[in-house]
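Some notes on the structure that comes next.
The values are calculated or read from the model by the stated rules, or taken from the named source; none is laboratory data. Note that this is a predicted model, so its numbers are computed, not measured. Don't worry about glycine lacking a Cβ; one is built from the backbone with ideal geometry, like all the others, and counts go over all protein chains shown. Accessible surface is based on the protein model in full, side chains and every heavy atom, while ligands, DNA and RNA are left aside. Shrake-Rupley method; radii C 1.70, N 1.55, O 1.52, S 1.80 Å.
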Amino acid sequence: MDNIIIKEASPEDALARIEYSKKIGAETDNLSFGAEGFPISVEGEEEYIRSVLKDERSCSFFAWRDKEIIGDVSLTGMPRRMNHRAELGITVLKSEWNKGLGSRLLEMAIEYAKSHGIEIINLEVRSDNFRAIHVYEKFGFRKIGASPAYFKIGDSYIDFDIMYLDLREN
């Protein structure tokens, strides 16, 4: 965990973020994209980051080592009558798995939620991603359902668990 810097995303990080998405997309089938990464231009990613920065119920943090993104976490605040909720997204380069970075990022997102009036954090995770599920459970997330055939990769259907963390209980 040495020489890792975690900081809020800025529009200047857009190109690095797109390159990171290609790298993690190629490493695992746990994400909604593959080696092609996010289908977005640098300008589109810059605009997306600006919109997150403007939204007090959303955040995006990147973990950096040697000018390269090695992990990220985001909360996306929900609108209107759901504005007490946020969706969590988190990724970590495979080379960093089992080293505590995911827990550090998750902790930052939860602290952000608590300090910005977010009461419930939702997430979806592959039902067979036991490593990630274990980390989420360690932080108090609970499975509340499943979404059958959430992904289709080739001819295979992959179920997802729906989990949530109720910060009102803490």
(message) If R₀ is 41 angstrom, what is the calculated FRET efficiency for the pair ASP155 and GLU107, using the beta carbon separation as r and rounding to 0.05?
(response) 0.60
(message) Please enumerate, by chain and number, the lysines with C-alpha under 29 Å from the C-alpha of LYS99, excluding those fewer than 8 residues away in the same chain.
(response) LYS7, LYS22, LYS23, LYS67, LYS114, LYS138, LYS143
(message) Per residue, how large is the accessible surface of the chain? Use a 1.4 angstrom probe and give square angstrom.
(response) 55 Å²
(message) Check which residues have an amide H placed less than 5 Å from ALA9's amide H, if you skip close sequence neighbours.
(response) SER60, PHE61, PHE62
(message) Give me the extension gain from LYS138 to GLU8: residue separation times 0.36 nm, minus the current Cα-Cα distance, reported in nm with one decimal.
(response) 44.4 nm
(request) Using a Gaussian network model of the chain whose springs link C-alpha atoms within less than 10 Å, name the residue from ILE118, ILE49, ILE158 with the highest mean-square fluctuation. (result) ILE158
(request) Sort out the exposed loop chymotrypsin sites (Phe, Trp or Tyr not before Pro) in the chain (DSSP loop, at most 16 other Cβ within 10 Å) and tell me the longest stretch that has none. (result) 34-96
(request) Would you work out what percent of the accessible area of the chain, with all protein chains in place, is carbon or sulfur (probe 1.4 Å)? (result) 50 percent
(request) Would you mind calculating the gained length between ASP55 and LYS114 on full extension (0.36 nm times residue separation, minus the Cα-Cα distance), in nm to one decimal? (result) 19.7 nm
(message) Using alpha carbons only, how many angstrom separate the centre of the stretch 1-68 from the centre of the stretch 94-156?
(response) 17 Å
(request) May I ask you to list the trypsin sites (Lys or Arg not before Pro) in the stretch 1-76 that are in a DSSP loop and have at most 15 other Cβ atoms within 10 Å of their Cβ? (result) LYS67
(request) Take the alpha carbon atoms of the stretch 4-166, find their radius of gyration, then divide it by 2.2 N^0.38 Å using N residues; give the quotient. (result) 1.01
(request) List the longest stretch of the chain that has no exposed loop site; here a site is one of the GluC sites (Glu not before Pro) assigned by DSSP to anything other than H, G, I, E or B, with at most 13 other Cβ within 10 Å. (result) 57-170
